[in-house]
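A.B. asks: If you scroll down you'll find the structure; I have some questions about it.
Since every read-out is calculated from the coordinates, none of them should be taken as a lab result. Model, not experiment: these values are computed from the prediction. Positions of Cβ are backbone-derived with ideal geometry, glycine not excepted, and every protein chain shown enters the neighbour counts.
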Amino acid sequence: VVQFYDGDRELATSVGGYLAGGIAAGDSVVVVATHPHRLAFEAGLTAAGAHAGAAGASGRLLMLDAAETLQGFRDGGRLDHDRFEAALGGLVRRVASTGRPVRIYAEMVALLWDAGQVTLALELEELWNDLGSRYRFSLLCGYPAGLLADEPSAADIEAVRRVHTGVVGPQPGQPEEKISGAEAEDVRSFPGVREAVRAARHFVNGVLRPRRDQALAQDAAIVTAELAANAVLHAGSAFTVAVSQSPAGVRISVWDAIPMQAADWNQSPMTSPEHGLGVVSTIASRWAVEPLPDGKVVWAELPASRS
Amino acid sequence: MSGSRERSNGLAVATAVAALPVEIDVSNADRAAGELFAAVKPGVRVVIVDMTLTTFCDSSGLRAIAQAHDRAQAQGAELRLVTAAPGVLRVLAVTGLDTVPVYPRLDEALAAAPGATGPGGSRRRVSVTALERVHECC
């Protein structure tokens, strides 16, 4: 799940809802955020009637400093995977061992984006993905919206949210959207750079790894690579990837901020190998390009292997 | 990515081997194409695309291979792929590029005689299993 935010107030409202929902449901909640954001969340939780102090005392709410935690496994220009595993892996294992669902909100990737450390930010995404393939938890990542070069517009996010209920965001005047971490829906945003295509594929790999369906995972990797490459190369856009799962199969959606063009309607350009979408149309059982208010979404469905 | 290296076997056929990386997608396909094109040099009769380490290759990587294949053919050279990775074989099948001879191991690709897949072999659909049959009959 990905969280776009422009202002801290919006952030406190929407992330606060995610956290309060977790506490109310009896989940274990972990927050890895900047100091001002932690203060805002605590205030928000109290206002929402969720007693942060009590949850903290019972070990169900853990607040960590994002910069400090990041520093624990960042070694200058690189990330120490062993130290990440020891710190975050150990934490997730410990929290998950209670048997309660785990909800995590983290801002470390956002800090790296903020510092212009694109490679490290993508690498950290991968570390989370790997962790996510080994432990069941719901992860909400904060991304200051301004960091995404062609950020999805509010209307797009809204339109996609209707399809992908896993996305939370500020919704003034509306009750907070309920997130259930166990829903088979994973969403992640990526910047419009070529390296992000690989990160997106690894993200999908991580999401699907627990299914142990190698043929499906292979096809999902191919589809993700082609759809993400299409967003980056042809639309030059930041993009968001959503993976919806059911026992019958997987739907991979990639949406970007570039409006659908007339060419997208015609079959030929979309199925030409030049776009890589020819591959997608061959592999997918169903696929389509659909317009969004300020962009478009391309999705493809892949059936599960018969076992 | 290691560079291409040239070998000569007993038949004095110049062979160039271009090794490709673990993952090939739009972030590094241009570099892979550079390696491949560098291997298709005048005088080279067999170009081996060594994908032994490669677990993933997208359409941009395959496009580079297809272009290298065309260049090789244009100068009368033969292009061979080395891969046994299910993910790579899958994308080859999907794109129809499995008409290029595929060997499961580098030593087999090196050992095969020129034109081992027979006349017009490069236009024939050759899967790993089909290739084994070809070896049996030749």
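A.B. asks: Evaluate E = 1/(1 + (r/R0)^6) for A:Ser281 and A:Ala25, where r is the Cβ-Cβ distance and R0 equals 51 Å; express this FRET efficiency to the nearest 0.05.
C.D. replies: 0.80
A.B. asks: Here's another thing I want to ask about it. For the stretch A:9-136, what's the relative contact order in percent, using C-alpha pairs closer than 8 Å and at least 6 residues apart?
C.D. replies: Rounded, it is 30 percent for the stretch A:9-136.
A.B. asks: Additional query: Could you pull out the trypsin sites (Lys or Arg not before Pro) across the stretch A:35-140 that fall in loop regions by DSSP (anything but H, G, I, E, B) with no more than 15 other Cβ atoms inside 10 Å?
C.D. replies: Counting only loop positions with at most 15 other Cβ atoms within 10 Å, the trypsin sites (Lys or Arg not before Pro) in the stretch A:35-140 are A:Arg136.
A.B. asks: For the pair A:Ser58 and A:Leu233, what calculated FRET efficiency results from E = 1/(1 + (r/R0)^6), where r is the Cβ-Cβ distance and R0 = 35 Å, to the nearest 0.05?
C.D. replies: Calculated transfer efficiency: 0.10.
A.B. asks: Can you list the residues of the stretch A:198-239 with backbone N under 14 Å from a point 7 Å past the Cα of A:Ser305, pointing along Cα to Cβ?
C.D. replies: The answer is A:209-221.
A.B. asks: For the stretch B:26-107, just run the numbers: alpha carbon Rg, then divide by 2.2 N^0.38 Å, N being how many residues it has.
C.D. replies: That ratio works out to 1.00.
A.B. asks: Quick one: if the Förster radius is 25 Å, what FRET efficiency do B:Thr52 and A:Ala248 give, using the C-beta to C-beta distance and rounding to 0.05?
C.D. replies: On the way: r = 35 Å, r/R0 = 1.42.
Here the calculated transfer efficiency is 0.10.
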